[in-house]
Structure formats: structure tokens, C-alpha cells
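Below is one structure, written out as C-alpha cells, with a few remarks after it.
The values are calculated or read from the model by the stated rules, or taken from the named source; none is laboratory data. What you see is a predicted model; the values in this text were computed from it and never measured. Note: ideal-geometry Cβ built from the backbone for every residue, glycine included; neighbour counts use all protein chains shown. When the accessible area is computed, the model is the full protein with side chains, heavy atoms only, and any ligands, DNA or RNA have been set aside. Shrake-Rupley method; radii C 1.70, N 1.55, O 1.52, S 1.80 Å.
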Amino acid sequence: MMIASAGLALALLSGCAADSAKDTAAKVNPGGNSAAPAVTKIVVGTGTQFANICFLDDKGNLTGYDVELIREIDKRLPEYEFEFKTMDFSNLLLSLETKKIDLIAHQMEVNEERKAKFLFNDEAYNIFPNQVVVHKDRTDIQSLDDLKGKKVMVGATSNAAVLLQDYNKTNNNAIQIVYSGSGGTNDIIAQLKSGRVDATISTEFAVKQRNETIDSQQKIVGKAISNSKVYFILQKERTEVKEKVDEALRAIKKDGTLSKLSTKWLGADYTVSE
């Protein structure tokens, strides 16, 4: 009797294992073919302090426009599994260069230094409008030229930093550029709020979110300094991944999903339809 019971238990366990294997195969190979393709893991580097883009919600969950776009791409590419790895923004490019991550999702804009080292995908997924940001009570700063002689805090490896560096090259280093510490965006918010720095460079959608959620007391002034297209950045040799990501992005644009994500997270359609 005991032998029979043990046999029954073994059969049940075997059946459960088989069902589990079938479920896994179905996820990897929805078509039901007997030879399921291997799944390649793609480690995606992103941050946790960029309002609306990549941040932790009130429950501690990673979310935002770039995060949810990667999750949508993940759904459409069953041959890949996209896994997030969060870190300070200043560590993203180094982590990509040292192959600790495979792809960066953090509103990355193109510049020559980045192009020399890394691979950008072809399909832009957002327009990033950089503007001067000051404390809500400031009235003396209305443009980039008004920042001459002022302290402006930005991320060390951001395109905002590149914009200010380029301006300084033709204006006798007129702007005092201050680079944020490990606190990233929170560091900039605190310094600007206290008056220890005069301005930063950011976007209207980020400023709006900060004002609503943490009373950052910021405002946008003047016209956009740049309206750069943004892309994902990969290691130079990951051309196949790039092509698949572009393929998924084109479909996400075409069916309107990208516009919906932008409107939800950024408050308007900042997407690029090429």
C-alpha cells in the first residue's frame, strides 16, 4: 500500500514538472514548436531619480516612460529577456563600456564622444527639450546668456553638461558648471532650492513632476536650448539586438502605443514619428 502511494506521489510530481516545463516553453515559444529558441538576457542600465522617466514610485517599484517602453519591447521580443539594473546616472556609460550592462535606457542623446565608443539604435523614441530651470522666485535669468557668471548644476555625463561645455568654449568659460554628486537629481533640487546654485538644465515635464510631488519650487525660463532626439545605447558589437529593438520600436510607434506612453508619463506626445 505504501509502495503504491509513493508511486502515485512520484507520478504527480513528474506531472507537475512536465506541466511547468510546458509553461516555460510556451512563454519562450508561443507558437508551440517543439524546438524552443534560446532566450538571450539583455541587462538594461537605468536610473531611479529621473522624474517621469525612470524612478521609484511610492511603493518602491521601478517605473516611468523609459522603463515601461523597455517592458513593452520585452513583450514583443520573446527571444530576449530584458532585465533592469539600476545605478547612478554617472555610472551608466562606464558600466556599458565595461560590459556590466548591455543597453542604456535613460533618455540618452547623441554626441560625438558617445558615438565613438557605443552603438545607438536607429529609431528615436523621444524628443528631449532642454531648457534653463531656476527657482520659482528668480526673475533675473531668462536665457542661456543670462547664466554668464552664474553657477549651473548638471549631471557630469549628461548632454546638459555637454551643452554648457560647448557654450563655454565660445564664451570664455562664462558659466561656472557644477557637477552633481551621487545624489543626482535630488542633489540638484536641494542645491537649487537653497540658492547654492543658480540654475540647472532640464525639461518641462520633469520640472512639473518635481513641483507636484516634492515641491521643488522650480520653473522653466526661456526657449528650448535644444530639442534632441533620444535613443537607446548599446555595446558596439550588439548589432543584432539593435536591429530587433528598432523593429519592435517601429511597431510600437505604428500602433500608437508609444504616443500613449508619452502622454501618460510626460503629459504630452514627445515621440518621434519618422
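Quick look at the numbers
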{"quantity": "Computed accessible area, GLU204, all protein chains, 1.4 angstrom probe, square angstrom", "calculated": "110 Å²"}
{"quantity": "Furthest towards positive pole of dipole, GLY64, THR263, VAL207, structure part the chain, Cβ charges", "calculated": "VAL207"}
{"quantity": "Rounded, prolate or oblate (a/c below 1.5 giving rounded, otherwise prolate when a/b exceeds b/c) for the range 50-131 by Cα gyration tensor", "calculated": "rounded"}
{"quantity": "THR200 - accessible surface, heavy atoms, 1.4 Å probe, Å² rounded to 10", "calculated": "0 Å²"}
{"quantity": "Tilt relative to the chain, helix 257-266 - C-alpha long axis, 0 to 90 degrees, to 10", "calculated": "50 degrees"}
{"quantity": "GLU237 paired with LYS136, simple spin-label distance in nm, labels 7 Å along Cα-to-beta-carbon", "calculated": "5.2 nm"}
{"quantity": "Whole-number accessible area per residue in Å² for the chain, which is evaluated in the context of all protein chains at 1.4 Å", "calculated": "52 Å²"}
{"quantity": "Where ARG238, ARG250, ARG196, ARG76 fall by accessible area, highest first, once all protein chains stay in place (1.4 Å)", "calculated": "ARG196, ARG250, ARG76, ARG238"}
{"quantity": "Carbon + sulfur, % of accessible area of the chain - ligands and nucleic acids excluded, 1.4 Å", "calculated": "51 percent"}
